[in-house]
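Participant: Following this message is one structure expressed as structure tokens.
Taken together, the values in this text are just the output of simple stated rules run on the coordinates, not laboratory data. Owing to the predicted nature of the structure, the values given are computational and were not obtained by experimental measurement. Positions of Cβ are backbone-derived with ideal geometry, glycine not excepted, and every protein chain shown enters the neighbour counts.
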């Protein structure tokens, strides 16, 4: 089981802590730290990146770097959920393109828990850039 808490500091700033014991500042105004919706995107990018790295390593593909970037659109009215998310995967190494495509598809369709939640309100698309 995972648990989390947010403790108010001042203004719209909080200290967030989760089961791992790691803490970070969250700023609802996004002036001094990432805001909650930014953290959701960071969670998505890192969740799918972990999946892709794990899958490519199991396939013994020589991945040397990965960067996942998300561009979004949100609903104009509250709750301002994400309605579109475009992920860009920048992958380095002499990795077969088919292996990358398969790894991303597995992440998006099966393994990434964050994406599974977000796709209930957002259309998730992606592109691949080889570096």
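Participant: Assuming R0 = 30 Å, what is the FRET efficiency of residue 73 and residue 11, from their Cβ-Cβ distance, to the nearest 0.05?
Facilitator: 0.65
Participant: While we're looking at this one, here's another question. Sorted by mean Cβ packing within 10 Å, highest first, what order do the peptides 44-52, 15-23, 32-40 take?
Facilitator: 44-52, 32-40, 15-23
Participant: Next question. Using a basic spin-label model with each label point 7 Å from the Cα along Cα→Cβ, how many nm lie between residue 123 and residue 110?
Facilitator: So the two model labels end up 2.6 nm from each other.
Participant: Compute the FRET efficiency between residue 2 and residue 59 as 1/(1 + (r/R0)^6), taking r as their Cβ-Cβ distance and R0 = 25 Å, and round to the nearest 0.05.
Facilitator: 0.30
Participant: Tilt of helix 36-58 relative to the longest C-alpha principal axis of the chain, in degrees (0 to 90, nearest 10)?
Facilitator: 20
Participant: A further question on this structure: Pull up the DSSP beta bridges for the stretch 39-123 and report the antiparallel fraction as a percent, rounded to 5.
Facilitator: Roughly 90 percent of the DSSP beta bridges within the stretch 39-123 come out antiparallel.
Participant: Treating the Cα atoms of the stretch 36-130 as identical point scatterers in vacuum, please give the log10 of the normalised Debye intensity I(q)/I(0) at q = 0.13, 0.22, 0.23 Å⁻¹, two decimals.
Facilitator: The computed values of log10 I(q)/I(0) come out as -0.42, -1.06, -1.14.
Participant: Using Cα atoms only, what is the angle between the long axis of helix 97-106 and the major principal axis of the chain, expressed in degrees (0 to 90) to the nearest 10?
Facilitator: 40
Participant: Just from its helices, what would the mean residue ellipticity at 222 nm be for the chain, if runs of 4 or more DSSP H residues each count -39500 (n - 2.57) and the sum is divided by every residue, rounded to the nearest 500 deg cm²/dmol?
Facilitator: Taking each H run of at least 4 residues, the total per residue is -9500 deg cm²/dmol.
Participant: Then there's this: Can you classify the stretch 1-91 as rounded, prolate or oblate using the Cα gyration tensor, where a ≥ b ≥ c are the square roots of its eigenvalues, rounded means a/c under 1.5, and otherwise it's prolate if a/b beats b/c and oblate if not?
Facilitator: Verdict is oblate for the stretch 1-91.
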